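Nothing in this text is a laboratory measurement; each read-out follows from the coordinates by a stated rule. None of the values given here were measured: they were computed from a predicted structure. Quick reminder, even Gly has a Cβ in these numbers, built from the backbone with ideal geometry, and neighbours come from all protein chains shown.
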Amino acid sequence: MKYAVLAAALTLAVPTMAIAAMWLPRVRGHLFSLMIFLTCLGAHASVNAVSRELYRGPDRGFEVTGADLVCWALMIAITLRFPGKIAWFPRNSWLLLLFFLNACLLALVTMEPLYTAFSLWKCVRIYCLYWTTVNCLRLGIHRRYAWLGFAGAALVITALALQQKYLLGIYRINGPFDHSNTVPLYANLILPVLLIWALCDKELPLRWAVVSIALCFGLLFAVLSTFSRLGMALSSASVVCALGWANLRSRSIRVRASSLVMSLLLLAGAIRAAGPIIERIRSAPEASVQARDEFNYAAQLMLGDHPFGVGLNNFSYVVTNQVQYRAHFEAMKSEEQSGVCHHIYWLTAAETGYLGLLLYLVLVVRFAGSALAGSWRRKSTEGAILFGVFLGICALQVSGFYEWAFRVTPVMQMFTISAAVAVVWSEKPLKHRVRMAAVRACGEGVPSGPGVTV
């Protein structure tokens with residue numbers, strides 16, 4: 001059945017969306033919103049071909065998600081409609097290509113090439129998403145469409161958090177994802193963005209700014225409902241930094257009043273939630289910390305034996321099948337199928353070697369640096385929002401010291417979109433204005449949604 005649905009989507013839905021997006025700017029914009037929104041649905045909007053669901057690594061099949069289908073439709077549309085205006089090899093593509101080639105070479109010597117192939121397929125999909133986001137924004141899709149996508153994702157997470165917490169009585173909610181720890185990693189990517197957007201975008205009508213702020217509170221509630229200690233700390237820090245930045249960049253009555261009201265509400269919420277949070281910190285199981293340390297040490301041993309890496313998506317397979325990497329296990333020694341190293345940097349190093357880790361770090365620094373530089377250099381609304389993108393990237397990478405969920409598809413997709421936004425909106429203002437004027441002169445539309453004049 002799933003293959004029939006996938007075949008129908010590829011043969012009917014993708015071409016239909018592509019044709020409509022080629023000639024209708026508004027359809028193109030709404031598909032861009034849909035692409036961003038669909039990243040939050042995780043396994044609820046995906047199909048795994050050649051699935052290996054019992055495997056505990058990040059990738060368990062040749063996955064195709066709803067966001068991928070919309071992305072491919074947009075790729076076809078803008079390639080056929082604007083062949084002379086798109087960036088065929090966007091900034092940072094060389095680094096991404098080097099990482100991919102390194103992973104491909106490792107696939108030749110890895111213990112389980114099929115598992116590596118799963119992740120290589122994901123790399124291709126992620127680059128398509130990066131390429132499409134960069135070029136859609138370069139071609140003049142208005143930022144309001146991006147806001148719609150972010151807001152839609154936040155709405156789904158908020159609604160599911162309320163349902164799971166109060167209707168189903170789940171202690172640690174997982175939202176639309178497979179595990180509760182994924183919620184804060186995804187939410188912290190969009191939380192500061194939506195908050196700064198609400199406070200600094202003068203084109204956003206007051207009612208939609210209120211909606212954006214309400215969704216920020218919803219995301220905070222969702223993170224709190226996971227009882228992830230680091231997630232709660234990073235969410236709080238992101239909100240404080242976003243409020244401070246908004247007051248520095250836009251000293252209006254709207255910003256000051258909103259900041260005051262939010263601060264009071266956050267203080268009241270913190271007092272109300274203090275009891276459960278303290279209890280969660282006190283009752284945190286020691287076995288969880290021990291298991292994390294055991295997997296991290298296994299990754300260190302693996303890197304020592306294989307400085308070039310054991311192959312992308314092969315950590316769990318190697319630990320399971322080579323006794324020397326789990327001989328020190330105590331908390332997790334009874335597991336037949338080993339899990340994943342809960343440290344994205346050790347995991348990346350163990351699977352792709354020192355070179356793969358270096359490329360990963362350089363890419364993260366370049367994306368975060370673009371967002372920070374653009375927020376400082378550009379005095380526009382996009383420049384202000386870029387600081388929220390910077391905060392989201394930083395929160396995700398700090399989480400990486402305790403979690404591997406960066407490799408989960410929804411988180412990686414949202415990070416990719418954030419990185420592409422940072423690349424495009426950080427361009428020099430003059431160059432950006434000249435290109436935008438040229439594109440709009442050729443008929444690119446601006447959405448007639450809330451607060452936008454066509």
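Converting phi to 3J(HN,Hα) with the Karplus coefficients 6.51, -1.76 and 1.60 and the offset θ = phi - 60°, segment 107-123 yields 4, 6, 10, 6, 5, 9, x, 4, 5, 5, 4, 4, 6, 5, 4, 5, 4 Hz in sequence order, with x at every glycine or proline.
Computed over the Cα atoms of segment 221-272, the ratio of the radius of gyration to the Kirkwood radius (Rg/Rh) comes to 1.03. Would you mind finding the longest exposed-site-free stretch of the chain, with exposed chymotrypsin sites (Phe, Trp or Tyr not before Pro) meaning DSSP loop and at most 12 other Cβ atoms within 10 Å? That would be 172-454. Remark: segment 70-81, residue by residue, has Karplus-estimated 3J(HN,Hα) of 5, 4, 5, 4, 5, 4, 4, 4, 6, 5, 6, 7 Hz, where x stands for each Gly or Pro and the curve is 6.51 cos²θ - 1.76 cosθ + 1.60 at θ = phi - 60°.
Calculated FRET efficiency, residue 27 to residue 278, Cβ-Cβ distance, R0 = 51 Å: about 0.50 to the nearest 0.05. Scalar couplings 3J(HN,Hα) for segment 191-200, obtained by applying the Karplus form with A = 6.51, B = -1.76, C = 1.60 to θ = phi - 60°, are 4, x, 5, 5, 5, 5, 4, 5, 8, 10 Hz; x denotes Gly and Pro.
Give me the number: length gained by fully extending residue 20 to residue 251, i.e. 0.36 nm times residue separation minus the C-alpha to C-alpha distance, one decimal in nm.
Stretched out fully, the residue 20 to residue 251 stretch lengthens by 79.0 nm.
Subtracting the Cα-Cα distance from 0.36 nm times the residue separation, let me have the gained length for residue 4 to residue 50 in nm, one decimal.
15.1 nm
In this label model, residue 377 and residue 93 are separated by 2.0 nm, measuring between points 7 Å along each Cα→Cβ vector. Under a cut-off of 20 Å between alpha-carbon atoms, report the aspartates and glutamates in cross-link reach of residue 165, not counting same-chain residues fewer than 8 places apart. Partners found: 178, 279. Helix-only arithmetic for the chain: the sum of -39500 (n - 2.57) across DSSP H runs with n ≥ 4, divided by the residue total, places the mean residue ellipticity at 222 nm at -23000 deg cm²/dmol. Modelled spin labels at residue 270 and residue 333, positioned 7 Å past Cα toward Cβ, are 4.4 nm from each other.
Counting only Cβ charges, +1 for Lys and Arg and -1 for Asp and Glu, the dipole size of the chain around its Cα centre is about 2060 debye.
Here the simple spin-label model places points 7 Å from the Cα toward Cβ, and for residue 290 and residue 401 these points are separated by 2.4 nm.
Translational diffusion coefficient of segment 1-113 (Stokes-Einstein, Kirkwood radius from Cα pairs, 20 °C, 1.002 mPa s): 131 µm²/s. What the Cα convex hull of segment 294-376 gives, in volume per residue, is 93 Å³.
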